[in-house]
Structure formats: structure tokens, C-alpha cells
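Peer 1: For reference, the structure I am asking about is given below.
The values are calculated or read from the model by the stated rules, or taken from the named source; none is laboratory data. Small disclaimer: the values here were computed from a predicted structure and weren't measured. Virtual Cβ from ideal backbone geometry, glycine too; neighbours counted across all protein chains shown. Protein only, heavy atoms only, side chains kept; ligands, DNA and RNA dropped before computing areas. Shrake-Rupley method; radii C 1.70, N 1.55, O 1.52, S 1.80 Å.
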Amino acid sequence: MMNATPASPIAKPKAKLSDHLPPLTLLGPLVALVLACIFFISQTPRFLSVQNLSLILQQSMVVGIIAIGQTLIVLTAGIDLSCGMVMALGSVVMSKVAVANGINPFISILLGVAVCTLFGLINGLLVTRVKLPAFIVTLGTLNIAFAITQIYSNAESISNLPAPLTFFGNTFGIGAGTVTFGTVLMLLLYLLTWFVLRETAPGRHVYAIGNNAEAVRLMGLPTQRILITIYTLAGLSYGIAALLAVARTGVGDPQSGQTENLDSITAVVLGGTSLFGGRGTMMGTLLGVLIVGVFRNGLTLIGVSSVYQVLVTGILVILAVSADKISHR
């Protein structure tokens with residue numbers, strides 16, 4: 001009787017070129033960032049200087065931290081319009097408590113962050129328990145946060161801040177440039193959030209809720225509790241952004257935060273996160289933040305008025321949402 005022929009081993013598939021390229025969701029934002037840089041380099045030689053590139057990172061760190069919380073919410077098919085004003089309230093609280101009341105600056109920081117986190121919790125409870133649309137809820141809390149900020153601060157900036165509140169605005173040298181400690185904190189938070197979303201079960205639950213919240217509920221997962229946690233964590237990120245805003249400017253400014261909601265939503269959408277939920281990456285949001293920062297910085301360098309910068313930001317977000325709508329179909 002003839003011996004059976006041994007089975008041939010399965011051939012390992014050859015690696016494709018696409019395996020070595022960035023994911024498609026990151027490729028678009030990356031190309032957009034490169035093209036924006038090329039355009040501004042052609043317009044002014046100052047754009048490519050080490051000092052200016054460092055400045056872009058410093059200018060982006062506040063919106064960058066806010067965009068982390070915004071991304072978490074948008075991934076669940078929600079949106080947060082209150083983020084900028086909640087951040088402004090947190091910055092005023094931690095500044096005034098430290099200066100006017102003479103409370104320990106570290107406790108003042110915790111109080112400011114706690115106020116922002118509380119707003120996130122309230123947003124989450126109203127969306128999940130009362131079943132109100134996130135757009136309406138956060139539009140309401142935007143106005144509430146704005147009013148409280150103006151009342152509490154008497155519409156006046158708070159200066160002469162203690163050193164712990166301005167620490168993250170300090171810089172250290174890297175080569176010919178300087179980087180703030182706040183920029184380092186922003187990058188570390190992006191890495192942490194990216195890892196949680198990509199490698200852990202809670203991160204996969206965020207995507208699942210964005211894709212089909214009812215299916216997640218039928219699987220036995222506590223959908224409402226997860227959503228409340230997401231909104232609360234978003235509020236926490238706004239509190240951290242408040243600290244960075246204080247550190248960067250050196251004052252608690254009640255007039256800040258009025259464009260950060262649009263900037264953060266623009267960054268999230270430009271980074272490839274779908275407003276319909278369930279699709280997007282944290283690294284894409286970081287690219288979106290850099291795109292917004294590059295446009296703001298480049299337009300300033302070539303002498304474009306700040307009013308037109310807001311106009312360009314609005315056009316960018318409409319184009320990005322339109323592209324998202326087409327791809328969703």
C-alpha cells in the first residue's frame with residue numbers, strides 16, 4: 001500500500017504594498033497636512049523655521065486636548081458644543097480660587113478640573129437618562145457655562161498666577177527649538193487614548209455604541225453607563241485643557257473658549273472620524289488638530305485677518321463633513 005503524500009505547507013501570502021502604508025482613514029488627513037505645509041512654505045520662508053513649527057505645537061495643545069474628549073463623543077454618534085466654554089469656566093475657577101481666595105494652587109487645579117468633569121457628567125446624564133439630543137443638551141450647557149464664567153469672574157481676567165498653574169507653559173530645548181511641557185502632555189494623552197480605544201474591550205465598546213447602540217444594549221452591555229462615562233471623561237479632558245490654556249497665556253481669561261468648539265469639531269472631522277459614529281481614530285484627530293494649527297499659523301504669517309481664518313475653518317469643516325457623508329453612503 002502506498003504511503004500517503006504529506007500535505008504541503010500553506011504558503012505564506014506575500015506582503016502587499018498596502019500593508020506598509022498608513023490606514024486609509026489616516027492617509028487622507030496626512031496628505032492634507034502635507035499639502036497645507038507645502039502651500040505655506042511656498043508663501044513664506046518663516047513657516048518652516050524650527051521656532052515656528054514649535055509655536056504651532058504650542059498653539060495646538062489646548063484644542064488638541066479638547067479634541068480628545070470630542071472624539072470620544074463623536075465616536076458614539078454624539079457631539080459636544082459646550083467644550084470651549086466649559087474649558088473657559090474651568091480655567092477661571094482654578095485661577096480665581098488660587099489668586100482671590102488664596103487656596104493651595106494644586107487644590108485650585110483640582111477644583112477647576114472637577115467643575116469641567118461635572119459638566120461632562122451632567123451632559124451624559126441628560127443625554128442618557130432624560131433622552132435629550134446631544135446637540136440640544138450641549139448647546140444649553142454652553143450658554144450656562146458662559147454665563148457662570150462671566151458672573152464668577154466679573155468678566156475680568158485673573159493674573160499673577162502661582163507657578164504650578166503655569167508650569168505646563170514652560171519650555172525645554174530640543175535641538176534648535178523649544179517644546180512646552182503641555183505639548184508633551186498632549187502627545188502622551190493621545191498615545192494613552194489611542195491604546196485604550198485600539199487594544200481594550202472598553203475601547204471597542206465605544207465603537208460598537210457608535211455603530212449600533214441598540215445592538216450593544218441587547219448584548220447585555222450597560223450602554224447608558226458607558227455613555228455617561230464617555231461624557232464624563234470628555235469633561236475631564238476639558239479640565240486638563242483649561243490648565244494648559246492658563247499655562248500658555250498666564251491668565252485666567254473669561255473670554256477664551258469661544259472658538260474651541262468649532263476648532264475641535266473641525267479637527268475631529270478632518271481627522272477622519274465620522275459624525276455618524278463608529279468610525280475614526282485618535283491619531284487621525286491628532287492630524288486634524290495639526291491641520292487646524294497649520295492653517296491658523298500659516299494664514300497669520302501671510303497676513304490674513306483672523307476673521308478670514310474663522311471663515312476658512314468653517315469651509316474646512318463643511319468640506320470634511322461632506323466627504324464623510326459621501327463615504328458613509
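Peer 1: Looking at this structure, is residue 300 within 30 Å of residue 34 (Cβ to Cβ), without any contact (Cβ under 8 Å) to a residue 12 or more places away in the chain and hydroxyl-bearing (Ser, Thr, Tyr)?
Peer 2: For residue 300, the condition - within 30 Å of residue 34 (Cβ to Cβ), without any contact (Cβ under 8 Å) to a residue 12 or more places away in the chain and hydroxyl-bearing (Ser, Thr, Tyr) - is met.
Peer 1: Collect the residues in the stretch 276-295 that are assigned to a helix (DSSP H, G or I) and of a type in the set (Ser, Thr, Tyr), keeping them in residue-number order.
Peer 2: Scanning the stretch 276-295 gives a single hit, 285.
Peer 1: Moving on to the next point. Exactly one of (1) more than 28 Å from residue 105 (Cα to Cα); (2) aliphatic (A, V, I, L, M); (3) free of Cβ contacts under 8 Å to residues at least 40 places away in the same chain is unmet by residue 188. Its number?
Peer 2: Against the list (1) more than 28 Å from residue 105 (Cα to Cα); (2) aliphatic (A, V, I, L, M); (3) free of Cβ contacts under 8 Å to residues at least 40 places away in the same chain, residue 188 comes up short only on (1).
Peer 1: Can you tell me which condition residue 290 does not meet? The list is (1) open to solvent by 30 Å² or more (accessible area, probe 1.4 Å); (2) over 12 Å from the mean Cα position of the chain (by Cα), and all the others hold.
Peer 2: The single condition residue 290 does not satisfy is (2).
Peer 1: Residues to consider are 97, 127; find the one that is over 25 Å from residue 208 (Cβ atoms) and of a type in the set (A, V, I, L, M, F, W, C).
Peer 2: 97
Peer 1: Residue 153: touching a Lys or Arg at 6+ places or on another chain (Cβ under 8 Å), open to solvent by less than 10 Å² (accessible area, probe 1.4 Å) and either at negative phi or in contact (Cβ under 8 Å) with a residue 60 or more places away in the chain (or both), yes or no?
Peer 2: yes
Peer 1: Go through the stretch 1-55 and count every residue that is within 29 Å of residue 282 (Cβ to Cβ), small (Gly, Ala, Ser) and at pLDDT below 65.
Peer 2: So the count comes out to 2.
Peer 1: Among the listed residues 301, 262, 270, 233, identify the single one that is over 14 Å from residue 70 (Cβ atoms) and touching a Ser or Thr at 6+ places or on another chain (Cβ under 9 Å).
Peer 2: One residue alone meets the criteria, 301.
Peer 1: Does residue 171 satisfy the criteria of being surrounded by fewer than 20 Cβ atoms within 10 Å (Cβ to Cβ), modelled with pLDDT under 90 and polar (S, T, N, Q)?
Peer 2: Criteria met by residue 171.
Peer 1: Here are 234, 242, 247: which of them is of a type outside the set (Ser, Thr, Tyr), touching a Cys at 6+ places or on another chain (Cβ under 7 Å) and modelled with pLDDT of 85 or more?
Peer 2: Of 234, 242, 247, the one residue that is of a type outside the set (Ser, Thr, Tyr), touching a Cys at 6+ places or on another chain (Cβ under 7 Å) and modelled with pLDDT of 85 or more is 242.
Peer 1: If you don't mind, there's one more thing I want to ask. Please determine, by comparing only the residues of the stretch 257-275 that are open to solvent by 30 Å² or more (accessible area, probe 1.4 Å) and in a loop (DSSP other than H, G, I, E, B), which one is nearest to residue 194 (Cα to Cα).
Peer 2: Checking each candidate, the answer is 275.
Peer 1: Looking only at the stretch 82-123, count how many residues are open to solvent by 50 Å² or more (accessible area, probe 1.4 Å), part of a helix (DSSP H, G or I) and in contact with a strand residue (DSSP E or B) (Cβ under 9 Å, 6 or more places away or on another chain).
Peer 2: Of the residues in that region, 1 qualify.
Peer 1: Only one of these conditions is not met by residue 133: (1) surrounded by 15 or more Cβ atoms within 10 Å (Cβ to Cβ); (2) farther than 27 Å from residue 195 by Cα. Which number is it?
Peer 2: Tallying (1) surrounded by 15 or more Cβ atoms within 10 Å (Cβ to Cβ); (2) farther than 27 Å from residue 195 by Cα, residue 133 fails exactly one: (1).
Peer 1: Which condition number does residue 313 fail, the rest of (1) more than 16 Å from residue 74 (Cβ to Cβ); (2) open to solvent by 40 Å² or more (accessible area, probe 1.4 Å); (3) without any contact (Cβ under 8 Å) to a residue 60 or more places away in the chain being met?
Peer 2: (2)
Peer 1: Output the number of residues of the stretch 201-238 satisfying the condition of being over 20 Å from the mean Cα position of the chain (by Cα) and either open to solvent by less than 40 Å² (accessible area, probe 1.4 Å) or more than 30 Å from residue 109 (Cα to Cα) (or both).
Peer 2: Adding up the residues that qualify gives 15.
Peer 1: Another question, then. Restricting to the stretch 44-62, and then to whatever is under 12 Å from residue 248 (Cα atoms) and open to solvent by less than 70 Å² (accessible area, probe 1.4 Å), can you tell me which residue is farthest from the chain's Cα centre (by Cα)?
Peer 2: Step by step, filter the stretch 44-62, then rank; the result is 55.
Peer 1: Quick one: is residue 178 open to solvent by less than 30 Å² (accessible area, probe 1.4 Å) and β-branched (Val, Ile, Thr)?
Peer 2: Spelling it out, it is not the case that residue 178 is open to solvent by less than 30 Å² (accessible area, probe 1.4 Å) and β-branched (Val, Ile, Thr).
Peer 1: Within the stretch 72-81, is there a residue that is open to solvent by 10 Å² or more (accessible area, probe 1.4 Å) and in a helix (DSSP H, G or I)?
Peer 2: yes
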